[in-house]
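Okay, so here's the structure we're looking at.
The values are calculated or read from the model by the stated rules, or taken from the named source; none is laboratory data. These numbers come from a predicted model, not from an experiment. Neighbour counts are summed over all protein chains in view; Cβ atoms, including those assigned to glycine, are modelled from backbone coordinates with ideal geometry. For the accessible areas, the whole protein counts, side chains as well, though only heavy atoms, and no ligand, DNA or RNA atoms are used. Shrake-Rupley method; radii C 1.70, N 1.55, O 1.52, S 1.80 Å.
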Amino acid sequence: AAKEDGRNSYRIYSADLHQHTQERAGLALELRHALERGELALHYQAKVALDNDEVVGVEALLRWHHPERGDISPVQFIPIAEDNGLIIPIGEWVMETACQQLVAWQAQGLPPLALAVNLSPRQFNHPDLHKHISDVLARTDFAANLLELEITESLVMQNPERAIELMTQIKRMGVRFAIDDFGTGYSSLGQLRHYPIDTLKIDRAFIRDLASSKEDQAISKAIISMGKTLGLTVVAEGVENARQLAFLRDNYCDQIQGFFYHRPCCADEFVSWYRATGFPANVIST
Ligand code: C2E
Ligand code: MG
Ligand code: MG
Ligand code: MG
């Protein structure tokens, strides 16, 4: 019976896998058209500085509104775009659209906000990255020193010499770098000190149970203090409640991002939220 069970579960497993593979292939095809058909959009989420409770910037987050399947998460389609190379034109669209949006917000009277854009490995490894960034900055007239590129620790660890050289070149334009999801990879801050990074984003996984987990408290505290010792701006992502916020504030984390302030939203909604909240952000006085 055990043998039969095993075979059955294998069959089920392979049927699932087959379906999964087909679904992925389907999405890959549709993603090709998504850009042209205007199905991609950007959402924005505020970064709030804890010393004065001001919104200092936003992170641009990609969204795919599929006509039949509905909204598809970037967690699902970014890896597909990364595999088939579509991440290159999509990533260019993201950077250009986001820079344009921030320039437009300034024209509407918002203060100059910093813009964080995520870069996946294939984008970071693309030989034209430097040129592409300088072209976008020139075309949109967005200030280079307001642009921050978010990359992961595992990415820069793959080829340290190249990463450091590339980052140094790009930084000459004034652009900054952040390490996203910090703490989930295998690097230490000791290794990261060799990289020309400006910002460290503590992964959401350490923030989730911050109110109750002594371990997560210790880890977050250590990341904040070591990051600051290295002269980095430390940002906590995934802040959802006042207790997490209080802990981060008490431990001098520089900035936070999270549903506690607002969920990432489209450009118009962001402006309404920003104006309604009034800044310094009065939502925080809880
Ligand atoms: P990320 O860069 O670490 O982005 C943060 C993710 O956390 C976003 O998910 C955001 O919606 C979510 N988040 C923010 N605050 C909270 C909170 O308080 N609680 C919880 N549970 N989640 C929160 P999203 O938008 O689904 O993006 C997922 C990932 O997809 C991003 O992680 C990033 O790695 C990737 N991604 C998104 N947009 C782009 C893009 O334009 N280019 C590339 N290459 N990757 C992107
Ligand atoms: Mg990010
Ligand atoms: Mg992150
Ligand atoms: Mg992430």
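Of note:
- Across region 104-128, the qualifying residues are those that are assigned to a helix (DSSP H, G or I) and under 20 Å from the mean Cα position of the chain (by Cα), and the one among them that is nearest to ligand 1 (Cβ to nearest atom) is Gln123.
- Listed conditions (1) open to solvent by 80 Å² or more (accessible area, probe 1.4 Å); (2) touching a Leu at 6+ places or on another chain (Cβ under 9 Å); (3) assigned to a loop (DSSP other than H, G, I, E, B) are all met by Phe259, apart from (2).
- Between Lys131, Lys201, the distinction of being charged (D, E, K, R), more than 16 Å from Gly57 (Cβ to Cβ) and either away from ligand 3 (no atom under 16 Å from the Cβ) or within 19 Å of the chain's Cα centre (by Cα) (or both) belongs to Lys131 only.
- The number of residues in region 166-201 being within 12 Å of ligand 1 (Cβ to nearest atom) and within 26 Å of Ala144 (Cβ to Cβ) comes to 6.
- Note on region 219-231: residues that are open to solvent by 20 Å² or more (accessible area, probe 1.4 Å) and not basic (Lys, Arg) amount to 7.
- Where a residue in region 191-206 is more than 14 Å from Asn159 (Cα to Cα) and its partner, wherever it lies, is open to solvent by 40 Å² or more (accessible area, probe 1.4 Å) and within 13 Å of ligand 1 (Cβ to nearest atom), with Cβ under 9 Å and at least six apart: Lys201/Asp181; Ile202/Asp181; Asp203/Asp181; Asp203/Thr184; Arg204/Asp181; Ala205/Asp181; Ala205/Thr184; Phe206/Thr184
- Among the numbered conditions (1) among the charged types (D, E, K, R); (2) within 19 Å of Glu153 (Cα to Cα); (3) away from ligand 4 (no atom under 16 Å from the Cβ), the only one that Arg249 does not meet is (2).
- Hits in region 202-216 - residues which are within 12 Å of ligand 1 (Cβ to nearest atom) and in contact with a strand residue (DSSP E or B) (Cβ under 9 Å, 6 or more places away or on another chain): Ile202, Asp203, Arg204, Ala205, Ile207, Leu210
Here's the yes/no breakdown for (1) open to solvent by less than 10 Å² (accessible area, probe 1.4 Å); (2) in contact with a strand residue (DSSP E or B) (Cβ under 8 Å, 6 or more places away or on another chain); (3) part of a helix (DSSP H, G or I):
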site: Glu150; (1), (2), (3): yes, yes, no
site: Arg162; (1), (2), (3): no, no, yes
site: Met167; (1), (2), (3): yes, yes, yes
site: Ile170; (1), (2), (3): yes, yes, yes
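- Meets criteria (among the polar types (S, T, N, Q), more than 16 Å from ligand 4 (Cβ to nearest atom), touching a residue at least 40 places away in the same chain (Cβ under 8 Å) and surrounded by 14 or more Cβ atoms within 10 Å (Cβ to Cβ)) for Thr140: yes
- Pair list, Cβ < 7 Å and 6+ apart or interchain, from region 175-190 residues that are within 16 Å of Val234 (Cβ to Cβ) and acidic (Asp, Glu) to residues that are open to solvent by 30 Å² or more (accessible area, probe 1.4 Å) and within 16 Å of ligand 4 (Cβ to nearest atom): Asp180/Asn118; Asp180/Thr152; Asp181/Thr152
- Qualifying residue in region 94-114 (condition: within 28 Å of Leu155 (Cβ to Cβ), within 16 Å of ligand 4 (Cβ to nearest atom), out of contact with any strand residue (DSSP E or B) (no Cβ under 8 Å at 6 or more places or on another chain) and of a type in the set (D, E, K, R)): no
- Residue within region 178-201 that is in contact with a Ser or Thr (Cβ under 6 Å, 6 or more places away or on another chain), part of a helix (DSSP H, G or I), open to solvent by less than 40 Å² (accessible area, probe 1.4 Å) and within 16 Å of ligand 4 (Cβ to nearest atom) present: no
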